[in-house]
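Each remark here refers to the structure printed beneath this line.
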Amino acid sequence: MKKIIIATLLGTSLISTQALAEDSVYIGLDVLSSGNTFTVEARNSANGATAAADVDDNSKGFKLKVGIEVSDGWRFQGYYLGETYDTPVFDASNDYLSEIGIDVIKGFEVTPKFSPFVQVGLGYGWMDVDGYTDDAISAVSMKIGAGVMYKVTDNIELLAGIDLQYRKWQDIKINTITFETSEKSTKLYAGLNFHF
């Protein structure tokens, strides 16, 4: 877990350093709304019994990002995502997820102001939990997405998009029962980037 966090922070730092050297850095903020389906499998180690269920839960959040725009429409960005679920996921005490990650984006310029784009990303998230063997749970995520960007000025651009995301949550335990959880999400977002 610590290795993933260190690698992500190091990657973001390298992106920022290179971006400042090339004078093509940007910062941005996205707001998002998400429909999520959790698949939970419970296994009792005492008697071998298993059960599974799908649970739907919506969420809202924001994404802070810093990135570099390089040649041929390529961008690399590091981000922090804060996401709040409508219904607490693992217990009644917490519904807030934090996530850090890296996105790779490819834009396709149609006009100097308008560009559709595609992206892929990897993330590492965590959430506090109560009543389990552990007091926190982590998740690894992968996503693909697409959207459009519009330059309002040379320094300001608006964007909107959709991401399909998969998260694999850390297994957690209560006594002899182990819970394996995965999450599939469709995220809609709109945002603003400011270029230096």
Kirkwood Rh and Cα Rg combined as Rg/Rh, the stretch 125-181
1.29
What shape does the stretch 18-107 take by its C-alpha gyration tensor, where a ≥ b ≥ c are the square roots of the eigenvalues and a/c under 1.5 counts as rounded, a/b above b/c as prolate, and the rest as oblate?
prolate
Give me the net charge for the shell around D56: Cβ to Cβ below 11 angstrom, other residues only, Lys and Arg +1, Asp and Glu -1.
-3
With point charges of +1 on the Cβ of Lys and Arg and -1 on the Cβ of Asp and Glu, referenced to the Cα centre of the chain, which listed residue (A190, V129, V66) lies farthest in the positive direction of the dipole?
V66
Taking θ as phi - 60°, what are the ³J(HN,Hα) couplings along the stretch 155-166 by the Karplus curve (6.51, -1.76, 1.60), each to the nearest whole Hz, with x for Gly and Pro?
9, 10, 9, 9, 8, 8, x, 9, 10, 9, 10, 10
Go through the stretch 61-130 and name the GluC sites (Glu not before Pro) that are in a DSSP coil and have 16 or fewer other Cβ atoms within 10 Å of their Cβ.
E109
Contact order normalised by length for the chain, with contacts defined as Cα pairs under 8 Å and 6 or more residues apart; what percent is it?
22
For the chain, just list the percent of Cα-Cα distances falling in each 5 Å bin from zero outward, please.
1, 7, 14, 20, 17, 14, 10, 7, 5, 3, 2, 1, 0
Most packed first (mean Cβ within 10 Å per residue), the peptides 142-152, 115-125 order as 115-125, 142-152
Note, ³J(HN,Hα) from phi for the stretch 119-134, Karplus 6.51, -1.76, 1.60, rounded to Hz, x at Gly and Pro
8, 10, x, 10, x, 10, x, 8, 8, 6, 9, 9, x, 10, 4, 9
Pairs of lysines in the chain (C-alpha under 18 Å apart; 8 or more residues apart or interchain)
19
Roughly how big is the chain's charge dipole about its Cα centre, with Cβ charges of +1 (Lys, Arg) and -1 (Asp, Glu), in debye to the nearest 20?
400
In the stretch 22-160, taking the dipole from +1 charges on Lys and Arg beta carbons and -1 charges on Asp and Glu beta carbons about the Cα centre, the listed residue (V25, A139, F108) farthest towards the positive end is F108
How far is helix 2-22 tilted, in degrees, relative to the longest principal axis of the Cα atoms in the chain, given as a value from 0 to 90 rounded to the nearest 10?
10
Report, in deg cm²/dmol and to the nearest 500, the calculated mean residue ellipticity at 222 nm for the chain, where each DSSP H run with n ≥ 4 adds -39500 (n - 2.57) and the sum is divided by the residue count.
-3500 deg cm²/dmol
Alpha carbon centroid spacing (whole Å) that separates the stretch 57-81 from the stretch 114-187
12
Could you pull out every residue, at least 5 positions away or on a different chain, whose amide H is within less than 5 Å of the one on V70? Hs are placed 1.01 Å off N in the peptide plane, and Pro or chain starts have none.
R75, F76
So what are the ³J(HN,Hα) numbers for the stretch 87-93, from phi and the Karplus equation (6.51, -1.76, 1.60; θ = phi - 60°), rounded to whole Hz, Gly and Pro as x?
10, x, 7, 9, 7, 7, 8
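Quick note: the coordinates plus some simple rules give every number you see, no bench work behind them. If you're wondering where the values come from, they're calculated on a predicted model, not measured in any experiment. Note that each Cβ is placed from the backbone with ideal geometry, even for glycine, and that neighbours are counted across all protein chains shown.
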